[in-house]
Amino acid sequence: MAEASSIILGGGCFWCVEAIFKGLRGIITAKPGYAGGHTEHPQYKEVCTGHTGHTEVVELRFDPREISLEDILRVFFTTHDPTQLNRQGDDVGTQYRSVIFGDEAQQAIARAIRDEIATQGIWNDPIVTAIEGPAHFWEAEADHHDYFARNPETAYCAAVVAPKVAKARKLYRDRLKPAD
């Protein structure tokens, strides 16, 4: 078996990003967490204040034989709004920024895919996603894992997460894992 690869993505609330990517073939794990800040062992309530410097992110481990980093980034850039600076919809603050944390090779791929998406007319405004070097990943508390799957009826999940997941499933239906 080929070695798994990993990348850290922030695209607003990590519940959305996790739910979208967990359903794709080739994704081994999608873990919600925090990255990019100055506070060690950050906690959700702390990160939500915007004072830790951390962003809500998802660490993806994937099998590059089944899904390429390029395709992961295409999904990323088309399933959240990468033109919003430090926000996603009503989630406002640097903790919700659009960001990619990766090594130099991943950063080069991210810039190429960002530029590809920018020329496709998907978004009316410029893409403001930050592309940064590696960052320490702090895994989120257990109650944030599989949040959408466990809480689909909550107001936030029904109003925000479900439409994003539905959009991703429609756009990338050929990449979905088989239903259990």
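The values are calculated or read from the model by the stated rules, or taken from the named source; none is laboratory data. Given the structure is predicted, the values throughout are model-derived calculations rather than measurements. Methodologically, a virtual Cβ is constructed for each residue, glycine included, from the backbone with ideal geometry; neighbour enumeration extends over all protein chains shown. SASA here: full protein model, heavy atoms, side chains in, ligands and nucleic acids out. Shrake-Rupley method; radii C 1.70, N 1.55, O 1.52, S 1.80 Å.
Computed quantities for the displayed model
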item	result
Residue count, region 24-41 (criterion: assigned to a loop (DSSP other than H, G, I, E, B) and either buried (at least 21 other Cβ atoms within 10 Å of the Cβ) or touching a helix residue (DSSP H, G or I) at 6+ places or on another chain (Cβ under 7 Å) (or both))	3
Meets criteria (in contact with an Asp or Glu (Cβ under 7 Å, 6 or more places away or on another chain) and on the phi > 0 side of the Ramachandran plot) for residue 12	yes
Region 90-104, residues that are part of a helix (DSSP H, G or I) and open to solvent by 30 Å² or more (accessible area, probe 1.4 Å)	94, 104
Residues located in region 4-20, provided they are out of contact with any helix residue (DSSP H, G or I) (no Cβ under 6 Å at 6 or more places or on another chain) and open to solvent by 20 Å² or more (accessible area, probe 1.4 Å)	4, 5, 6
Filter result (more than 15 Å from residue 79 (Cβ to Cβ), in a helix (DSSP H, G or I) and more than 15 Å from the chain's Cα centre (by Cα)) within region 127-173	142, 143, 149, 150, 155, 156, 157, 158, 159
Checking residue 139 against (1) more than 19 Å from residue 5 (Cβ to Cβ); (2) of a type in the set (D, E, K, R); (3) surrounded by fewer than 16 Cβ atoms within 10 Å (Cβ to Cβ), the condition it does not meet	(1)
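Quick grid of which residues meet (1) assigned to a strand (DSSP E or B); (2) of a type in the set (Phe, Trp, Tyr); (3) surrounded by 16 or more Cβ atoms within 10 Å (Cβ to Cβ):
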residue: 58; (1), (2), (3): yes, no, yes
residue: 65; (1), (2), (3): no, no, no
residue: 72; (1), (2), (3): no, no, yes
residue: 77; (1), (2), (3): no, yes, yes
residue: 82; (1), (2), (3): no, no, yes
residue: 106; (1), (2), (3): no, no, yes
residue: 115; (1), (2), (3): no, no, no
residue: 124; (1), (2), (3): no, no, no
